[in-house]
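Undergrad: Structure in structure tokens, see below.
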Amino acid sequence: MCGIVGAVAQRDVAEILVEGLRRLEYRGYDSAGVAIINNRELSRVRRVGKVSELADALQSQPHAGGTGIAHTRWATHGEPNEVNAHPHRSEDIAVVHNGIIENYESLREMLRGKGYEFVSDTDTEVIAHLVLDKLKATGSLLQAVQEARKEMTGAYGMAVIDQNQPEHLVVARSGSPLVIGLGIGENFVASDQMALLPVTRKFMFLEEGDVAEITRTDVSIFDLNDKPVERTASESDLKHDAGDKGEYRHFMMKEIHEQPEALAATLEGRIVNGEIVTEAFGANSNDILKKVEAIQIVACGTSYNSAMASRYWFEEIAGIPCQVEIASEFRYRKSVVLPNSLLITLSQSGETADTLAALRMAKDLGFMSTLTICNVPGSSLVRESDLAYMMRAGVEIGVASTKAFTVQLAGLMLLILSIAKHRGVDPALIQEITQGLTELPKQIEKALEMEEAIKVLAEDFADKHHTLFLGRGSQYPIAMEGALKLKEISYIHAEAYAAGELKHGPLALIDDDMPVIVVAPNNDLLEKLKSNMEEVRARGGQLYVFADKNAGFESAEGVKVIELDHINNYLAPVLYTIPMQLLSYYVAIIKGTDVDQPRNLAKAVTVE
């Protein structure tokens with residue numbers, strides 16, 4: 001979950017590397033470092049903390065050179081300190097690495113036996129010494145990396161430079177993404193194309209097992225068997241300024257306010273004259289979707305919550321069985337695959353390690369086909385799935401996902417309606433929900449007008465340490481998402497429960513110091529939900545109810561009601577997500593936490 005940037009150019013690259021790290025800082029911010037070659041001499045600077053610490057160090061002591069690598073770290077092996085920060089060195093070479101080398105302990109013992117000394121607690125230092133050991137035998141940095149990777153088990157995206165071969169940069173990819181940026185008389189590498197937008201818009205994505213040798217004028221790529229291969233280059237349509245906060249204090253707030261635009265973008269051209277364009281899921285999607293008899297969704301974190309909400313929709317609207325599982329659980333248990341099952345993967349980045357591993361298992365397990373709903377074109381999930389729905393949410397920088405969640409829900413609903421059509425579901429119901437989707441961006445825009453009221457409400461949480469979220473039906477996963485957001489960025493312990501489960505345990509937690517947040521649209525479960533709320537009131541709990549204005553709730557002692565406009569019941573989960581996001585944000589502001597880069601977390605989880 002770290003960020004990698006590398007460059008081979010005629011100009012000094014330090015500024016390019018640091019700017020690239022700034023754009024990748026959402027991937028890790030425990031420490032940062034650079035290694036640069038100038039006149040066959042390798043220099044290295046590392047700092048604990050954010051990229052700004054590294055930038056300040058380079059400002060006070062500039063480092064010239066046209067070849068370099070850089071890294072921003074999210075710690076896996078070894079605490080965040082300067083000794084464990086990347087790049088790691090072994091004599092004349094330097095390495096940056098994203099991933100986990102699972103057999104690093106046995107490799108370390110083997111290398112110690114050969115006289116190599118280790119100064120860090122990281123698995124990455126093993127790569128540096130192993131590559132140097134192979135380099136001494138081959139004399140070629142490319143061959144050294146090719147030989148070294150054959151002895152490594154685990155996931156890695158790595159970049160290596162050698163001060164004796166200053167115009168060469170060698171990279172390797174196994175389970176962790178790398179992209180090559182193509183320039184004129186200069187070339188670049190990064191773990192995300194976002195890092196390189198200031199210097200190029202032309203990219204080449206490495207496939208699983210690829211090793212590439214990069215010079216100023218050439219890129220040579222070799223597959224898992226060390227055979228030369230060609231990889232297609234493409235132009236990126238990402239906005240160069242997508243990494244800017246604009247008028248907002250934090251990326252998270254910017255991305256919350258971008259949701260109407262993101263939803264409009266994801267629906268554009270996919271609903272035409274009131275009809276869903278099934279080809280949004282792939283050129284041959286019609287042939288596949290008409291055969292689907294069961295759904296299996298795998299996802300992690302926020303994507304798992306959107307999958308859970310969609311399970312209600314798949315079964316209630318399309319009448320098709322749907323199972324949802326956390327990817328890290330799914331990949332390590334024996335699964336029974338129902339006939340004609342479609343495996344759906346959800347991931348903002350398209351590189352989530354556990355989700356990607358689940359996809360790669362799919363064909364062996366007997367799934368009929370695979371589909372991903374993803375936000376990053378060219379990502380591993382998109383390239384390796386049979387079908388792909390591109391979310392078009394725009395770049396999401398804040399670690400706590402917001403607009404990706406609501407856009408995922410919209411994409412899932414489009415898919416459900418497409419399958420429902422093939423299964424003979426009442427066209428009037430499909431038309432009603434389709435119309436509701438087209439109105440959704442404006443309804444979200446209206447919901448964002450609640451911001452000031454929720455900002456005031458957030459003050460009630462300033463001294464709280466625990467919060468309970470309640471929902472029923474498809475709103476239960478929205479309660480789950482609300483709890484996840486609050487704990488992610490405010491560090492308040494928050495849990496979500498299906499409201500009917502209160503009396504089976506959680507009610508024991510209720511007192512006047514435990515705020516209870518309730519998601520209450522006006523649907524057929526409303527009366528049941530009201531009964532659950534009375535159970536809380538009777539025990540002195542403070543209720544915060546986000547309710548449909550037609551649901552008949554009124555603020556009273558122990559109850560604060562925040563009204564939302566009425567919305568189609570099926571689409572209510574999307575709307576009720578908005579106040580949950582705003583509340584989490586303003587509680588975090590009051591608590592003084594780092595909203596965009598919460599402790600211990602990173603954006604793209606590319607390690608197991």
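The values are calculated or read from the model by the stated rules, or taken from the named source; none is laboratory data. In this text the structure is predicted, and so the values were computed from the model without any measurement. Cβ placement follows ideal geometry from the backbone for every residue including glycine, while neighbour counts extend to all protein chains displayed.
Undergrad: Only one residue in 21, 58 is out of contact with any Cys (no Cβ under 6 Å at 6 or more places or on another chain), of a type outside the set (Val, Ile, Thr), crowded, with 20+ Cβ neighbours inside 10 Å and under 25 Å from residue 180 (Cβ atoms), so which one is that?
TA: Unique residue meeting the criteria: 21.
Undergrad: Only one of these is among the β-branched types (Val, Ile, Thr), at pLDDT 90 or above, out of contact with any Cys (no Cβ under 6 Å at 6 or more places or on another chain) and surrounded by fewer than 18 Cβ atoms within 10 Å (Cβ to Cβ): 184, 180. Name it.
TA: 184
Undergrad: Would you check which residues across segment 27-69 are of a type in the set (A, V, I, L, M, F, W, C) and either free of Cβ contacts under 8 Å to residues at least 60 places away in the same chain or within 20 Å of residue 399 (Cβ to Cβ) (or both) and list them?
TA: 32, 34, 36, 45, 48, 51, 54, 55, 57, 58, 64 - these are the residues of segment 27-69 that are of a type in the set (A, V, I, L, M, F, W, C) and either free of Cβ contacts under 8 Å to residues at least 60 places away in the same chain or within 20 Å of residue 399 (Cβ to Cβ) (or both).
Yes/no per residue for (1) of a type outside the set (D, E, K, R); (2) closer than 24 Å to residue 343 by Cβ; (3) outside the structural domain of residue 547 (by the TED database); (4) at pLDDT below 95:
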| site | (1), (2), (3), (4) |
| --- | --- |
| 390 | yes, yes, no, yes |
| 395 | yes, no, no, yes |
| 416 | yes, yes, no, no |
| 422 | yes, yes, no, yes |
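Undergrad: Can you name the residue in segment 187-219 that is assigned to a helix (DSSP H, G or I) and hydrophobic (A, V, I, L, M, F, W, C) and is also nearest to the chain's Cα centre (by Cα) among such residues?
TA: 194
Undergrad: Considering only residues that are under 21 Å from residue 565 (Cβ atoms) and part of a loop (DSSP other than H, G, I, E, B), look in segment 503-527 and name the one that is modelled with the highest pLDDT.
TA: 521
Undergrad: Let me ask you something else. For residues that are among the hydrophobic types (A, V, I, L, M, F, W, C) and surrounded by fewer than 17 Cβ atoms within 10 Å (Cβ to Cβ), scanning just segment 449-478, find the one that is modelled with the lowest pLDDT.
TA: Out of the qualifying residues, it is 462.
Undergrad: From 560, 549, 485, which residue is touching a Ser or Thr at 6+ places or on another chain (Cβ under 6 Å) and among the basic types (Lys, Arg)?
TA: 485
Undergrad: Among the residues that make up segment 143-153, is at least one of them surrounded by fewer than 18 Cβ atoms within 10 Å (Cβ to Cβ), of a type in the set (Val, Ile, Thr) and touching a residue at least 40 places away in the same chain (Cβ under 8 Å)?
TA: yes
Undergrad: Name the residues in segment 392-406 that are among the aliphatic types (A, V, I, L, M) and closer than 15 Å to residue 379 by Cβ, would you?
TA: Going through segment 392-406, the residues among the aliphatic types (A, V, I, L, M) turn out to be 393, 395, 397, 399-400, 404.
Listed by number, the residues that qualify are 393, 395, 404.
Undergrad: State which residue pairs qualify: first residue in the same structural domain as residue 29 (by the TED database) and surrounded by 24 or more Cβ atoms within 10 Å (Cβ to Cβ) and inside segment 86-98, second residue of a type in the set (Gly, Ala, Ser) and in a strand (DSSP E or B) in any location, beta carbons under 6 Å apart, and separation of 6 or more residues or different chains.
TA: 86/33; 87/33; 87/35; 87/94; 94/35; 96/159; 98/157
Undergrad: Run residue 287 past the list (1) closer than 29 Å to residue 179 by Cβ; (2) free of Cβ contacts under 8 Å to residues at least 60 places away in the same chain and report the number of the one that doesn't hold.
TA: Result: residue 287 passes all but (1).
Undergrad: A follow-up question, please. Go through segment 1-27 and give me each residue that's more than 23 Å from the chain's Cα centre (by Cα) and either part of a loop (DSSP other than H, G, I, E, B) or small (Gly, Ala, Ser) (or both).
TA: 7, 9, 10, 11, 12, 13, 14
Undergrad: Among the candidates 573, 515, 521, single out the residue that is out of contact with any strand residue (DSSP E or B) (no Cβ under 6 Å at 6 or more places or on another chain) and buried (at least 16 other Cβ atoms within 10 Å of the Cβ).
TA: After ruling out the rest, the residue left standing is 573.
Undergrad: Condition first: more than 25 Å from the chain's Cα centre (by Cα) and of a type in the set (A, V, I, L, M, F, W, C). Now tell me which residues in segment 249-277 satisfy that.
TA: 271, 272, 276, 277
Undergrad: Related question: Specify which of the listed residues (164, 187, 98) is in contact with an Asp or Glu (Cβ under 6 Å, 6 or more places away or on another chain) and polar (S, T, N, Q). Outline the logic, then answer.
TA: Details: 187 fails: in contact with an Asp or Glu (Cβ under 6 Å, 6 or more places away or on another chain); 98 fails: in contact with an Asp or Glu (Cβ under 6 Å, 6 or more places away or on another chain).
Sole residue among the options that is in contact with an Asp or Glu (Cβ under 6 Å, 6 or more places away or on another chain) and polar (S, T, N, Q): 164.
Undergrad: Further question on the same structure: Among the residues of segment 330-360, how many are touching a helix residue (DSSP H, G or I) at 6+ places or on another chain (Cβ under 8 Å), surrounded by fewer than 22 Cβ atoms within 10 Å (Cβ to Cβ) and either under 22 Å from residue 289 (Cβ atoms) or not assigned by the TED database to the domain that holds residue 411 (or both)?
TA: 2
Undergrad: Here's a check for you: in segment 28-47, which residue that is within 24 Å of the chain's Cα centre (by Cα) and of a type outside the set (S, T, N, Q) is surrounded by the fewest Cβ atoms within 10 Å (Cβ to Cβ)?
TA: Ranking the qualifying residues of segment 28-47, first place goes to 30.
Undergrad: Scan segment 99-142 for residues that are surrounded by fewer than 18 Cβ atoms within 10 Å (Cβ to Cβ) and in a helix (DSSP H, G or I) and jot them down.
TA: 105, 106, 109, 110, 112, 113, 136, 137, 138
Undergrad: State the number of residues belonging to segment 136-168 that are farther than 19 Å from residue 86 by Cβ and of a type in the set (A, V, I, L, M, F, W, C).
TA: So the answer is 2.
Undergrad: Quickly run through segment 371-384 and pick out the residues that are surrounded by 23 or more Cβ atoms within 10 Å (Cβ to Cβ) and either outside the structural domain of residue 481 (by the TED database) or not aliphatic (A, V, I, L, M) (or both).
TA: Within segment 371-384, 372, 374, 375, 379, 380 qualify.
Undergrad: Among the candidates 447, 462, 499, 508, single out the residue that is touching a helix residue (DSSP H, G or I) at 6+ places or on another chain (Cβ under 6 Å) and over 26 Å from residue 398 (Cβ atoms). Spell out the reasoning first.
TA: On the way: 447 fails: over 26 Å from residue 398 (Cβ atoms); 462 fails: over 26 Å from residue 398 (Cβ atoms); 508 fails: touching a helix residue (DSSP H, G or I) at 6+ places or on another chain (Cβ under 6 Å).
Every option except 499 fails the conditions.
Undergrad: Here's a follow-up. Would you please name the residue that is surrounded by the most Cβ atoms within 10 Å (Cβ to Cβ), looking only at residues in segment 385-429 that are without any contact (Cβ under 8 Å) to a residue 40 or more places away in the chain and assigned to a helix (DSSP H, G or I)?
TA: Filtering segment 385-429 down to residues without any contact (Cβ under 8 Å) to a residue 40 or more places away in the chain leaves 390, 424, 426-428.
Restricting the remaining residues to those that are assigned to a helix (DSSP H, G or I) gives 427-428.
Values: 427: 11, 428: 7.
Taking the candidates together, the pick is 427.
Undergrad: Looking at (1) under 29 Å from the mean Cα position of the chain (by Cα); (2) assigned to a helix (DSSP H, G or I), which is the only condition residue 470 fails?
TA: All conditions are met except number (2).
Undergrad: Further question: Mind listing whichever residues of segment 325-368 are within 29 Å of residue 235 (Cβ to Cβ) and either among the small types (Gly, Ala, Ser) or assigned to a helix (DSSP H, G or I) (or both)?
TA: Listed by number, the residues that qualify are 347, 349, 350, 353, 355, 356, 359, 360.
Undergrad: Now for a separate question. Of these, 327, 307, which one is crowded, with 24+ Cβ neighbours inside 10 Å and without any contact (Cβ under 8 Å) to a residue 40 or more places away in the chain?
TA: 327
Undergrad: Oh, and also: Considering only segment 40-97, how many residues are of a type in the set (Asp, Glu) and not in a loop (DSSP other than H, G, I, E, B)?
TA: 3
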